Amino acid sequence: MNKFLCTVCILFLVRATNTTAQVQIEFDCKPFAGEEVSIHFQPATINETVLIEKIELDQHGNIPAGQEVELHEGLYLIEFPHQIKIPAAFDAGESPQIVYNGKEIKINNSKANDLFTQFETERKHHFNKTVKPLRERAKQAEDQQDTALAAELSRQEQKAYIKHKNHLITYGYQNMQGSYAAMAVLKRRQSGQHLRELELLIQSVQAEYPKNEQVQAALKEIKVLQNTLVGAQAPDFTTLDENGEEKELRELMGEKGTLIEFWASWCMPCRRMTPELNQIIENYSERGIAFILISLDKKEESWRKAVEKDKMQGIQLCDFSGFDSEPVKNYGITSIPAGFLLDADGKITGKDLKGDELRIKLEELVKQEE
């Protein structure tokens, strides 16, 4: 080993065998000599990171000899000076080398991180090809005050984004089986026809790490997504209305059906489609359909301003917990807009319906037993 490299032993709990395996991470980051590097763990089912360790590199840009950090297989965020942040994925038993030559940071000798990097490259490429152009065109139409075109392009963007996430599930299923790096796919999760692929992918990780709590949490999250498939009984929830009073889904449901829409003041695609949704609400709210709009806002002022400015119709709910709110968790929401159409019995009969697609399904519901 190069004399300028210093090894830190990071202990990984290899849960498949219940033995402790050492993963040696070598830092060769001389431009950061004497500066601090932080290692953050990224949980599988939430977006927050957890600080694991802060390390002051020695005069050669290496980890000081004898220093040990207890980690395990996982997704990580390595933060260098000057707010340089590098995401990474490691499998138990690997010996990654983190090298910085003053221009770029590379993580070598880690198959898991190679898979993760390839996934991120595919994700960005596919998004830029399929979703980003529609988002940019919708913004341009909005700037030109062509609200009808902006709404239509936002509908197309939503469909493209759902297809994009399903594409990533298929990519992971085909290329990332058995590696903890596959947990990155879960962060782009989407319930629907590709959900079985996602489940099989995470089960392949479970085969390698049967006692890993993050993998177990991921499989539970997939069960949540399965509970929101078309035909399933809609999950109940309790949250707050505009007056701060607790409301349950079952007490808000309509006689003929219910539309649940997840949105936020900062979600421009959501708001571009609000005028059309308002018109739909006006046409069907007196025909036995309840419209429940659940905001993911965390600031009450932002939420109320958006509701007032957009003259939003329907039942407005928000508990200011963002993605941590009970309805969001119960429905496995990871991106918005997201919508669920329920029939009179509370079963999910449609998802992410907009425009004419939504009108057709609403007509079917209101005409039943007329």
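Applied to the stretch 287-296, the Karplus parametrisation 6.51 cos²θ - 1.76 cosθ + 1.60 on θ = phi - 60° returns per-residue 3J(HN,Hα) values of 10, x, 9, 9, 10, 10, 10, 9, 8, 9 Hz, with x for Gly and Pro.
Only one item in (i) 1.56; (ii) 1.14; (iii) 1.07 matches Cα Rg over 2.2 N^0.38 Å derived from the coordinates shown, and that item is (ii). If contacts are Cα pairs under 8 angstrom and at least 6 residues apart, what is the relative contact order of the chain in percent? The value is 13 percent. Kindly express, to the nearest 10 degrees and within the range 0 to 90, the angle between helix 111-130's C-alpha long axis and the longest C-alpha principal axis of the chain. Tilt relative to the chain: about 30 degrees.
Take 45-54, 220-229, 177-186, 267-276 and order them by the average number of nearby Cβ atoms within 10 Å per residue, most first; the result is 177-186, 267-276, 220-229, 45-54. Could you list which residues have their amide H under 5 Å from that of residue 351, counting only those 5 or more apart in sequence or on another chain, with H placed in the peptide plane? Close amide H contacts, sequence-distant or interchain: 341. Distances between placed amide hydrogens fall under 5 Å for residue 26 paired with 97, 98, all partners being 5 or more residues away or on another chain.
Structure note, pairs 106/329; 111/351; 187/299: Cα-Cα distances above 28 angstrom occur for 106/329; 111/351. Highest mobility in the GNM of the chain, judged by mean-square fluctuation with C-alpha springs under 10 Å and restricted to 35, 26, 261, is found for 35.
The ellipsoid equivalent to the alpha-carbon distribution of the stretch 116-226 has semi-axes of 33, 14, 10 angstrom, derived from the gyration tensor eigenvalues as √(5λ) and listed largest first. Applying Stokes-Einstein at 10 °C and 1.306 mPa s to the Kirkwood radius of the stretch 289-346, computed over alpha-carbon pairs, gives a translational diffusion coefficient of 128 µm² s⁻¹. Rounded to the nearest 20, the size of the Cβ-charge dipole of the chain about its Cα centre is 1100 debye, with Lys and Arg at +1 and Asp and Glu at -1. Compared with the dominant principal axis of the Cα atoms in the chain, helix 147-175 is inclined by about 40°.
Each stretch of four or more DSSP H residues adds -39500 (n - 2.57); spread over every residue of the chain, this sum gives -11500 deg cm²/dmol at 222 nm. Axis of helix 195-208 versus longest Cα principal axis of the chain: the two differ by about 20°, to the nearest ten degrees.
Cross-link pairs exceeding 23 Å in C-alpha to C-alpha distance, out of 223/367; 298/347; 165/220, comprise 223/367; 298/347. Largest GNM mean-square fluctuation among 302, 110, 335, using the chain with Cα springs under 10 Å: 302.
We did not get these values from a lab; they are worked out from the coordinates using the rules stated. Keep in mind that what you see is a predicted model, and the values were worked out from it rather than measured. Note that each Cβ is placed from the backbone with ideal geometry, even for glycine, and that neighbours are counted across all protein chains shown.
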